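Written out below as structure tokens is the structure these notes cover.
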Amino acid sequence: MAGIIQFDLPAFRLDFPEFADNTAYPDASLLATRDAATGYISPQNYGYLQGKGRARALNLMTAHLIALADTLKAGQMPSMISASTVDKVAITLTPPPVKSQLQWWLSLTPRGQQLLALLSASAAGGFYVGGFPEASAFRRGYGIYR
């Protein structure tokens, strides 16, 4: 399954109904955000995450970026609120309860949390970067041990 994962805009709108409104979310805006999402997740179909899994990850990243942009447009700061009061307006923000800034950033939206779960499940044994793909296994291709 080599190649590049293409963006299926109608399928994206169907999978993420919160972005189905063409007026609020024009095609050009979604395409630009999808292009930005490829800076975080490669559209190249390779590695542990391939096919529908990689397409889902790209769509979730796109939805996460749109949700963050919408939060900022509404004049809010994306954060995890642990407590709030109405009288004298007090808000308590939760410090990042995660291991990395990426995990915290993805935890700011429900779609980011779904993406984090997908990436965590796909990388249960850890990702391997560089070299031959079979070098991440115990044996090389054709059954030859290292």
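Within region 4-31, the set of residues being farther than 10 Å from N59 by Cα and either part of a loop (DSSP other than H, G, I, E, B) or in contact with a Gly (Cβ under 9 Å, 6 or more places away or on another chain) (or both) comprises I5, Q6, A20, D21, N22, T23, A24, Y25, P26.
So which residues in region 32-76 are touching a Gly at 6+ places or on another chain (Cβ under 7 Å) and buried (at least 19 other Cβ atoms within 10 Å of the Cβ), if there are any at all? Matches in region 32-76: H64 only.
Please determine whether any residue of region 90-100 is at pLDDT below 95, β-branched (V, I, T), over 25 Å from F7 (Cα atoms) and open to solvent by 100 Å² or more (accessible area, probe 1.4 Å). Even if it seems obvious, please write down each step before you answer.
The initial filter retains those residues of region 90-100 that are at pLDDT below 95, namely 90-100.
With the extra rule that they be β-branched (V, I, T), the set shrinks to 91-92, 94, 98.
Filter once more, so that each one left must be over 25 Å from F7 (Cα atoms): 91-92, 94, 98.
Pick out the ones that are also open to solvent by 100 Å² or more (accessible area, probe 1.4 Å) and you get 91.
Yes, the conditions are met somewhere in region 90-100.
Residues that are surrounded by 13 or more Cβ atoms within 10 Å (Cβ to Cβ) and among the polar types (S, T, N, Q) within region 14-31 comprise just one, S29.
Among residues belonging to region 103-122 that are of a type in the set (G, A, S) and in a helix (DSSP H, G or I), point out the one that is modelled with the highest pLDDT. Break it down into steps so the answer makes sense when it comes.
Taking region 103-122 as the starting set, the residues that turn out to be of a type in the set (G, A, S) are 107, 112, 117, 120-122.
When the remaining residues are screened for being in a helix (DSSP H, G or I), the result is 112, 117, 120-122.
Values: G112: 93, A117: 89, S120: 83, A121: 81, S122: 75.
Top of the filtered list is G112.
Scanning region 1-29 for residues that are more than 20 Å from L118 (Cβ to Cβ) and of a type outside the set (D, E, K, R) yields a total of 12.
The values are calculated or read from the model by the stated rules, or taken from the named source; none is laboratory data. Everything quoted here is computed from the prediction, not taken from an experiment. All Cβ positions, glycine included, derive from the backbone under ideal geometry; neighbour counts span all protein chains shown. Just the protein is used for accessible areas: all its heavy atoms, side chains included, with ligands, DNA and RNA removed. Shrake-Rupley method; radii C 1.70, N 1.55, O 1.52, S 1.80 Å.
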